[in-house]
Amino acid sequence: MPGLAQHGQCEEALKLFYQMQQRGPMPNQFTFGSALKACSGVAAAAEGYQIHAHAVKLGLEGEVFTASALVDMYAKCGNTKDARILFDRMPERDEVSWSGMIGAYAQNGPAEEALGLICLMKREGMRMNPFALSSVLRACSDLAAPEQAKQIHVQAIYAGLESNVFVGSALVDMYAKCGSIEDSCLVFEDLPERNLVSWNSIIVACANHGHVMKAFELFDQMQNAGVKPDYVTFIGVLSACAHVGLVDRGYEYFNSMNRDHGIIPRMDHYTCMVGLLGRAGRLMDAELLIKEMPFSPDIVVWRALLGACAVHHNSELAARVAKHIFEMDPEDHVSYVILSNIYAAVGKWDEVAKVRKLMRDSGVRKEAGYSWIEVKKKVHYFMVGDPANPQMEEIYAELAKLTEEMKKAGYMPDTNYVLHKVEMDKKEHYLTYHSEKLAIAFGLINTSAGTPLKIMKNLRVCGDCHTAIKFMCKIVEREIVLRDSNRFHHFKDGICSCGDYW
Ligand code: ZN
Ligand code: ZN
């Protein structure tokens, strides 16, 4: 366990530090720096706070070396608020404090703050460093803010860091997560040096965008280039298989992991396999694989199987799987919704009612689906029935108009995806307002004709929205890219890149 060893080192460092205090010599800025570094390495917050108190006593808190080590320690321990207070108080800041602070926002959010700091860094004449750049790029990826990410890319070029392997890999990852697999590939092609992270970034990117053959080719190329795949690489190729239902190929990769590469499959790999088998309709095989895993299944792998049950409307297995899930997390809102959707799809309305009651009784806070879109460098969020956006009237009008045209083109709203058992008309009304549709309508109103729209969603897209967007993209003659919690869908000319397999 490398983590434990590191934690041991941290404790060792702290012991030494205390001995020094008792017997001298007096700790100085460098002792503080290395003791704090030991704590941030293992996110040992309690120890870190004690050292901070000592630094204050010795009047070393304001000294740049100690202060930046403190910022870095608080940041790495996840205490962004205190890190920022210290950061703002620093009379002068060095590279460590900038990187630490930006990294903290990139990791713990809000991502916008990381972007803000990059601008501040530039204004204060600080040199961009690869670490700060790559962590802010990761923040853009999570935010899926392509316009802002492009600006960071430009700054990376100015700073001469574009071909740095860390920045380059972060760019590959960022463009893919922001919906532009083309840009992602271009950056990768231009990288003068590629390490394991760069290869993994591009393979996972291709997999998520459904470019599975490319992902397999890259997997071979990587090995020809002398880079050994690791567990992340296999998550990439296995999820590629899952996205198109290549069961045999999936088994080949899965079995080769330990046999040819000495990599023991982890939970993530089993989850990919369960998703692959389940989606392909081999639900019993998927369940068996979970039972045969060499470790006890976690909630994620059960959720993967529940998702497959939803696709195949298998309510018996779903009930079994959900039991495991609710034992682990009685408040798993998304699973309640999926389960009740499965019952609704097969017309078991009594069961739907039971699930909803269970949900209320366990006090599950409703975490509704939401979508977001970046327009003019600003991210706009949408939720079902949320009147927060000042353009709501226009959005509804746009959707009503669009729905009429869609129906003329043959669109039939699929009412299986609504939770409640309500009359037909009302059901359609609910569906029209799913958050991704609201975000699309907003994008249509606020961008010029022909501009591709990039929408992100926190949950999986439902079947009805998927069908609807296929009609929409053709009618409005736009390319619509939708990233849901599972993968990317590229809608163009009435079809989706996923080939309706998702
Ligand atoms: Zn929907
Ligand atoms: Zn699709």
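The values are calculated or read from the model by the stated rules, or taken from the named source; none is laboratory data. It should be emphasised that the depicted structure is a prediction, and the values quoted were computed from it without experimental measurement. Here Cβ is always computed from backbone atoms with ideal geometry, including for glycine, and neighbour counts include all displayed protein chains. Ligands, DNA and RNA are stripped out before the accessible areas are found, and what is left, the full protein with its side chains, is counted by its heavy atoms. Shrake-Rupley method; radii C 1.70, N 1.55, O 1.52, S 1.80 Å.
Would you be able to tell me the number of residues in region 447-475 that are more than 16 Å from ligand 1 (Cβ to nearest atom), closer than 21 Å to ASP414 by Cα and β-branched (Val, Ile, Thr)?
Total meeting the criteria: 1.
Which residue is modelled with the lowest pLDDT, if the candidates are limited to region 476-488 and must be assigned to a loop (DSSP other than H, G, I, E, B) and away from ligand 1 (no atom under 15 Å from the Cβ)?
The qualifying residue modelled with the lowest pLDDT is ARG487.
List the helices (runs of 4 or more DSSP H) that sit entirely inside region 377-475 and contain at least 2 residues that are more than 25 Å from the chain's Cα centre (by Cα), more than 16 Å from ligand 2 (Cβ to nearest atom) and at pLDDT 90 or above.
392-408, 435-446
Residues being under 17 Å from CYS140 (Cα atoms), open to solvent by 10 Å² or more (accessible area, probe 1.4 Å) and of a type in the set (A, V, I, L, M, F, W, C): count how many of those fall in region 158-172.
Summing the residues that are under 17 Å from CYS140 (Cα atoms), open to solvent by 10 Å² or more (accessible area, probe 1.4 Å) and of a type in the set (A, V, I, L, M, F, W, C) in region 158-172 gives 1.
When region 222-238 is examined, which residues are found to be part of a helix (DSSP H, G or I), touching a residue at least 12 places away in the same chain (Cβ under 8 Å) and either under 19 Å from TYR175 (Cα atoms) or not hydroxyl-bearing (Ser, Thr, Tyr) (or both)?
MET222, VAL232, THR233, PHE234, ILE235, GLY236, VAL237, LEU238
In the set SER134, SER141, SER184, which member is at pLDDT 90 or above, hydroxyl-bearing (Ser, Thr, Tyr) and closer than 29 Å to ILE373 by Cα?
Result of the check over SER134, SER141, SER184: SER184.
Of everything in region 454-471 that's among the basic types (Lys, Arg) and more than 18 Å from GLU374 (Cα to Cα), which residue is least open to solvent (accessible area, probe 1.4 Å)?
LYS470
Given (1) within 13 Å of ligand 2 (Cβ to nearest atom); (2) touching a strand residue (DSSP E or B) at 6+ places or on another chain (Cβ under 6 Å), where does ASN486 come up short, assuming only one miss?
All conditions are met except number (2).
Name the helices (runs of 4 or more DSSP H) wholly inside region 248-313 in which the number of residues that are of a type in the set (S, T, N, Q) is 1 or more.
Those helices (runs of 4 or more DSSP H) span 267-279.
Condition first: within 10 Å of ligand 2 (Cβ to nearest atom) and either assigned to a helix (DSSP H, G or I) or open to solvent by 50 Å² or more (accessible area, probe 1.4 Å) (or both). Now tell me which residues in region 489-500 satisfy that.
Scanning region 489-500 gives ILE495, SER497, GLY499, ASP500.
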